[in-house]
Structures are given as C-alpha cells and as structure tokens.
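J.: Once you've had a glance at the structure underneath, I'll fire off some questions.
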Amino acid sequence: MNAASPRHIVIVGAGVAGLTAAALLAHRGYRVSLFEKQSVPGGRAASMTEEGFTFDLGPTLLFMPDVYRETFALWGGDFDREVPMQRLRPNYRLNYADGKTLEISPLLSETMRSLERFAPGSSRGFLRYLADAADAYQRSRRLFVGERIRSFRHFLSKERIAALFATGAFRRLGAQSERSFGDPRVAGAFSFQSMYLGMSPFDAPLLYRLLLFTELGEGIFFPQGGIGALPRALDRAARGNGAQIRYATEIAAVERNGASVVAVRTAEGERVACDAVLLNADLPYAYDRLLGEPKHRSLRMRHTPSALLVYAALEERYDDLLHHEFLMPADLRATCDDIFRRGRIPEDPAIYLCAPGATDPTMAPTGKEALYLLVPAPSLLGVVDWAGERDAIVDRALRIVEERRLPGLRSRIRWVRSRTPLEFQDELSLNFGSAFGLSHDILQIGPMRPDNRHATLKNCYFVGASTRPATGLPLVTLGAVQSVERICEELG
Ligand SMILES: Cc1cc2nc3c(=O)[nH]c(=O)nc-3n(C[C@H](O)[C@H](O)[C@H](O)COP(=O)(O)OP(=O)(O)OC[C@H]3O[C@@H](n4cnc5c(N)ncnc54)[C@H](O)[C@@H]3O)c2cc1C
C-alpha cells in the first residue's frame, strides 16, 4: 500500500460489526469513511437516555468478554479500561407459572442448589450437560466461529468433520436438553435462550450450546452505563485510529463499474468514491436495496422472527427484581410453535425482563427503574397487525408481567416507548423487521451462510449478523476481524 495515498474503504453502518471493522481498518492504515443512517452508534446495540432513564435498545447481555479483549488489543486498546464491566451473580432467574423459580449462576454450586430445589435429582443431568457443552465450546469456538471459512472445501477439513460429529452439530438443542434432563421444564431452562437470538430451541442446532456454555462457564457481564458503552468505545477507537464517521447519513446505493464497486451515493445524492466497500447494513437488505440485486439467494433464505420491545420508565423500582429475569411459559413448545410456525404472538408468551438498576444505579434516577421487556414475536411475515394493534399488544405484555411478577406495574409507569418489527424494518433496515437477521438453522450456518464478500464484485465485502459467522455481539465482532483480515489479504 502506498503510504501517501492509502486505499479508501467506505463502511455502511455503525453497528458493532461496522465500528469494529472501522477501528481495525483505520489502524491498519486504510482511509476509512463510515456512514450511518442513525444519529448514534451501535445499530441494534444502540442505547437511549431520556429524563435520566437509560435503555439499551436491543442487546442487554454481554457474553464472551475475551473476544472484545482480544479485538481491542489488535489496535492497542484495553477493553477492560475502555468498557469497565462486572460479572452478574446469579445470571438470571426463571419464573414459572406455578410460582416456582430457578436461578442460573456462573457458580456451579449455586446453580446445582437451585436445580435441586426446583426438580430434585436434576443437578446430575446438569453436570453431564455442562461437561458436554464445555467440550463443544472448546472445539466450536475455534473451528466454527473463530476462523474465517474460505470455502466449502476449506470448511470440510478432517478436523472440522470430526468436530461436527463430536459436538453433535446436527442434533437439535431442545431434543438434546430433553435427553439430558428428562424433566421438560428443566430441559427448557437450558435451551429456551436460543429464542432470544431468533431460533426455536426445538429447531436450533446443538451448536447453540456454545452460547449457553459461555453463560454457565464464563458468566454474563454488564458494562458500566449499559451495553451502549461498547459501541461508544468502538466509535472512540475508530476515530482515534483515524476513521471518519458520519452519523445521520443514509447510503442509498452502491455504484459499480464492471466487476468493481467504485463509489457509494448518499440519500442526499452525494457521491463518495472508494477503493472498496464494506457493508454492515444487514446482508439481505444490502443485496436488495444497496446493490440492486433483489433476486439474491439471501432474500429467499429463512429469516429469524422478531421481537416486541417495551421500554418503561418506572417511578419506583422493585427491590426483589434481579437484573435479568424470564417469565417462562407453561408449554414452551406451544409458545415456540405460535411464533415460529404460526406467525402469531403466543397466548402465553416467554417474556424477558431487564432491570439494569439492580446492577448499575446510574441507569435511572435514584429509586426509579429503566425496565425493559422483550417478547419474542413473529416478524412482518407473520399475521400480526403491528400498526393497528401496537398499543393493545404492549398493554397486554405489561398486564401479563404485572399479574405474574410485578404487582402494580402499570401504576408505576411514567412513560413507555416500544419497538416492533416495523421499527426494525424502517429504522434498522432489517428485511421483514426480522430482528436477528438470517436464521441459523443447520442449512444457513458455516459455509452455507452468505459469504463475507460478493461473488463477482471483488471489492465488495460484508460484515455483521447475517453474514459469517453468525449473529450476537461476540460473533459479529469475530466476523469483523475476519472480514478485515480478508480485505487486507485481497486489497494488499
Ligand atoms: C432485541 C435484541 C436483543 C439482542 N440481545 C442480544 C444480547 O443480549 N447479547 C448479544 O450478544 N446479542 C444480542 N442481540 C444480537 C445483536 O444485537 C446483533 O447480533 C448485533 O447487534 C448485530 O450487529 P451488526 O453490526 O451486525 O448489525 P446492526 O447493529 O444492525 O448494524 C447495522 C447498521 O447499519 C445501519 N444501516 C442500515 N442501512 C443503512 C444505510 N442504507 N445507510 C447507512 N446506514 C445503514 C443501521 O442503521 C445499523 O446501525 C440482540 C438483538 C436484538 C434485536
């Protein structure tokens, strides 16, 4: 590379993946210009503060901190200093309809005690489950998500094929948990988490144990000030390394000349020439809207469902509420079938509650709470009339939480905001409002997931949830490192 005129790379999107790539590419000496249509960093992982209440708008759980430590170190950054955080203990509490509770902790003895109270004898199944998950984690972290998949042939190395069988990658998470635990409620407790990344546990490949093991083996972390601290730190790092970032600037199209990308155009019509483009806007949307390829195979691939998010500013906090709690449905399979097969909001939804004030009092004014509710729900491909029924759907979710867990909830509310698949589609450019992007069923992972480079436009790259390796903050971070590695190899 010529040091006097470095190659110019345009990045579209300031999600965690786009920002990570910007920091790395700028550190490697490229001229980087990043354009983001929102006015703040983070994309799905952005946060908002209003009247002293801070809400993480999407992700609320930080897993696999080593991924960020290793990534920040690539540009000489110190993740623990930039994003101070604490490990939660317990991780979360599950609330069942009969009033029983189960607490999952990163401390083995605590989870075992809680399991014995909940279903005597189940802690034995837990130890076996954990040992298997630990083994699967060690293998899959490097082989399936830690290394860039170059081609089908490269993926199908002897070592990977052996690992695929050893880790039971072709089995289903839900079925395996039922085999390990017998009791369907305990099995559900160790598989339902996949719903919060857009997969039914009954369909999710066992590979999802990777994320489960990180929760159990390493724990769940919370950055001071919320998850939004991560994209803010990435924004600082990218700028510090020399990247130019323009928020509130939408890219309308990628301009090509033959087999190359030559420029991008903003929605206002400005043309920005570049030597390569890295698209962090979700991949199917990017093919459809930015590259003008509505027939690309990613648009026909299975998309994850979505979620209803409710952000409620409470006048008074609940002292007995843990940072993370879940209201478990009586019949997890029926709940999943409603969302994943019938495209409707379940009668008995699985509701996730996040009360960050339990860990970090700066998230709300003294004595108050920034309460977050997540209800897994169908995308716009389902049968829900989100525009017409939004208020009723939000109110029903609040009522269920009030009846099952937080008495008097609605009378404590100062104001409420919500996000539905409509906002996921319109504000975050996610096709069908599919909150987690392309699904991770067995035919859409590994080499079958869309590649991080365009097949014919040799200087058009992708990064983020719907390309390789997968969705989730740590995995899109690993993906950013892999896309940058490829750009450096191919552009020189
Ligand atoms: C409700 C919810 C809860 C989640 N919980 C967790 C969790 O607890 N832990 C976890 O690890 N993961 C979680 N995830 C997953 C995680 O949020 C995502 O995998 C990750 O944030 C995706 O990052 P990304 O960089 O790929 O994409 P995005 O965050 O979607 O970033 C893409 C960016 O591109 C921008 N963009 C799109 N089109 C254009 C355009 N034309 N011009 C300019 N900019 C454009 C968008 O505005 C957006 O900012 C959750 C996701 C959701 C939705």
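J.: Out of everything in region 433-447 that is over 17 Å from the mean Cα position of the chain (by Cα) and over 18 Å from SER483 (Cβ atoms), what residue ends up being modelled with the highest pLDDT?
T.: LEU443
J.: State the number of residues belonging to region 260-292 that are touching a His at 6+ places or on another chain (Cβ under 9 Å) and either away from the ligand (no atom under 13 Å from the Cβ) or modelled with pLDDT under 95 (or both).
T.: Going through region 260-292 one residue at a time, the tally reaches 5.
J.: Can you tell which of ALA26, ALA17 is over 17 Å from the mean Cα position of the chain (by Cα), crowded, with 21+ Cβ neighbours inside 10 Å, under 27 Å from ASN459 (Cα atoms) and touching a residue at least 60 places away in the same chain (Cβ under 8 Å)?
T.: Of the residues listed, the single one that is over 17 Å from the mean Cα position of the chain (by Cα), crowded, with 21+ Cβ neighbours inside 10 Å, under 27 Å from ASN459 (Cα atoms) and touching a residue at least 60 places away in the same chain (Cβ under 8 Å) is ALA26.
J.: A follow-up question, please. Hand me the list of strands (runs of 3 or more DSSP E) wholly inside region 1-89 holding 2 or more residues that are within 12 Å of the ligand (Cβ to nearest atom).
T.: 8-12, 31-35, 53-56
J.: Can we say GLY13 is in the same structural domain as ALA273 (by TED's automatic domain parsing) and either more than 13 Å from LEU473 (Cβ to Cβ) or in contact with a helix residue (DSSP H, G or I) (Cβ under 9 Å, 6 or more places away or on another chain) (or both)?
T.: yes
J.: Between GLU36, GLU110, which is in the same structural domain as ALA252 (by TED's automatic domain parsing), acidic (Asp, Glu) and touching a residue at least 12 places away in the same chain (Cβ under 8 Å)?
T.: GLU36
J.: In region 205-233, how many are aliphatic (A, V, I, L, M) and modelled with pLDDT of 90 or more?
T.: 6
J.: Could you please find all residues in region 156-177 being over 9 Å from PRO205 (Cα atoms) and of a type in the set (Phe, Trp, Tyr)?
T.: Listed by number, the list holds a single entry, PHE165.
J.: Shifting gears a bit: Can you tell me how many residues within region 255-312 are in a strand (DSSP E or B) and under 20 Å from the mean Cα position of the chain (by Cα)?
T.: Adding up the residues that qualify gives 9.
The values are calculated or read from the model by the stated rules, or taken from the named source; none is laboratory data. All values reported here derive from a predicted model rather than from experimental measurement. All Cβ positions, even for glycine, are placed from backbone atoms using ideal geometry, and neighbour counts span all protein chains on display.
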